[in-house]
1. How many residues, within the range 9-28, are acidic (Asp, Glu), surrounded by 14 or more Cβ atoms within 10 Å (Cβ to Cβ) and farther than 13 Å from residue 98 by Cβ?
2. Could you tell me which of the residues 52, 31, 106, 79 is within 24 Å of residue 6 (Cα to Cα) and either in contact (Cβ under 8 Å) with a residue 60 or more places away in the chain or open to solvent by less than 40 Å² (accessible area, probe 1.4 Å) (or both)?
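The values are calculated or read from the model by the stated rules, or taken from the named source; none is laboratory data. Keep in mind the model is a prediction, meaning the values are calculated, not measured. Cβ: placed from backbone, ideal geometry, glycine included. Neighbour counts: every protein chain shown. What goes into the accessible areas is simple: the full protein's heavy atoms, side chains included, and nothing from ligands, DNA or RNA. Shrake-Rupley method; radii C 1.70, N 1.55, O 1.52, S 1.80 Å.
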Amino acid sequence: MTTAQSHQSLLETCIEACFDCLRDCENCADACLSGNMVQMMAQCIKLCRDCADTCALCARFMSRNSPLHAQMCGVCAEACDRCASECEKHDSDHCKRCAASCRRCAESCRQMATAMA
């Protein structure tokens, strides 16, 4: 595999991880908003929404090969780590699913940021 092919593969994997994370964060925030304990889940909802928005922007930057996508991947990894840490505090399936997706996305984004450095 050439360097260009491996970069393209890493890029595609990271974009997919961002979209998966975006979906799981939106689902988690929606489930938290629909539950009985909305006030208790406020921080989870906020971090899920921040993470989903960051993942969407990161995927867009990578898709158009923006010269800022490496930096955006670093920001996205941070948003994912924060969201995962919060979701891991809760026992609901949607929070567990979100935390796992965030951890995968954070790792992929860190790999992408490192590859571009």
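1. 1
2. 106
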